[in-house]
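Trainee: Here it is, the structure in full.
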Amino acid sequence: MQVALICNDFRREEAAAVDSPGLHQIETTLEAVRKVLRAAGHKVQEIILPPEPNLALLHNCDAEVAFNLTTGILNKRMQLYAVALMEMAGLNFIGSDLRTQVVCLDKSITKALLREGGITTPRYQVIRCRHDSKVVDQDLLFPVIVKPCMEGSSLGITSDSVVYDRGSLHRRVKQLQWEFGGDVIVEQFLPGREFTVGIIGNEDARTLPVQEIVYSDWPEDAPPIYSFEAKVEERTLRECPAEIDDDVATQIEGMALAAFRLLGMTDIARFDIRLDAQGVPHVLEVNALPGLQPGYSEYPRMAEVGGLSYEDLIDSLVRCCAARADLIGAQGDVPGDH
């Protein structure tokens, strides 16, 4: 099969300054996916999209499937415009369409749709860039966590993100507005255990084994959150499959599948879920384009525990996309699917 690898062209030095671990993840993933596709006998065409939209680059692409490895490391619009160009060029690409990618990139839109669809997510308020952060919903009880509305990879999340009073909240909101230049979301902080779960497939979508993010040996003065520092320094432990009761696992898996379908997602997704004080699961984050770095990213780690080697995972994603485009038979015949 002819497969196009779609990635971004960006200024490496600038990207390293913004998110050095993210840059390493991008480069390692690209090399790994390229190697797997070629070893599987696919004809690989690599297309690097420049910062300025260039539809002609994709119009000349005759690949049957496009493997979307674009990223918004410098600007999230870069990630979205790449998807828009692939749609305009009529490519069959792995992952959700532009509408869904836009929805999932903006936490406020995602959470509004989840709540409307009856899927639990923490109470929240959006503070628009030009609005006063002192105007906060009285229903929000401290502590709360403050995040940029349109960032990923824990960017903007630090040990200062959980705040306990209105003065600290005001300062944190202003800091994020200055640093990222966009809207900020203020969300009820949940004190329970934290999990992540991946989904693969389409009509027959299934969950990968649930993984727990474990905050053991955590500093007493730091909130247990997956901050940018915690990610870079790899402070957390990961247990997969998570040691949880069957009913909690069923709730988490059912919630993730329901959200996947509600948001119109395809092929691949990852959901971050946390329990409240009563043990009720809430969707924290939705990732429509999760990381695929072997040996590091959550998604391939969960897939491996579920019986999919990295090679089988990449092949399964290609097959999911191809089946959705009616290029091959039933996508249920992917490796590891029992």
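Residue by residue, here is whether (1) outside any loop (DSSP other than H, G, I, E, B); (2) surrounded by 22 or more Cβ atoms within 10 Å (Cβ to Cβ); (3) out of contact with any strand residue (DSSP E or B) (no Cβ under 7 Å at 6 or more places or on another chain) holds:
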{"site": "260", "(1), (2), (3)": "yes, yes, no"}
{"site": "268", "(1), (2), (3)": "yes, yes, no"}
{"site": "273", "(1), (2), (3)": "yes, yes, no"}
{"site": "279", "(1), (2), (3)": "no, no, yes"}
{"site": "286", "(1), (2), (3)": "yes, yes, no"}
{"site": "290", "(1), (2), (3)": "no, no, no"}
{"site": "293", "(1), (2), (3)": "no, yes, yes"}
{"site": "296", "(1), (2), (3)": "no, no, yes"}
{"site": "299", "(1), (2), (3)": "yes, yes, no"}
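Trainee: Can you say whether residue 108 is small (Gly, Ala, Ser), under 30 Å from residue 254 (Cβ atoms) and either surrounded by fewer than 20 Cβ atoms within 10 Å (Cβ to Cβ) or modelled with pLDDT of 90 or more (or both), as far as the supplied structure shows?
Mentor: yes
Trainee: Run residue 242 past the list (1) assigned to a loop (DSSP other than H, G, I, E, B); (2) under 23 Å from residue 67 (Cβ atoms) and report the number of the one that doesn't hold.
Mentor: (2)
Trainee: Same structure again: Within the range 264-291, track down each residue that is touching a helix residue (DSSP H, G or I) at 6+ places or on another chain (Cβ under 6 Å) and farther than 21 Å from residue 301 by Cβ.
Mentor: 264
The values are calculated or read from the model by the stated rules, or taken from the named source; none is laboratory data. Keep in mind it's a predicted model, so treat the numbers as computed, not measured. All Cβ positions, glycine included, derive from the backbone under ideal geometry; neighbour counts span all protein chains shown.
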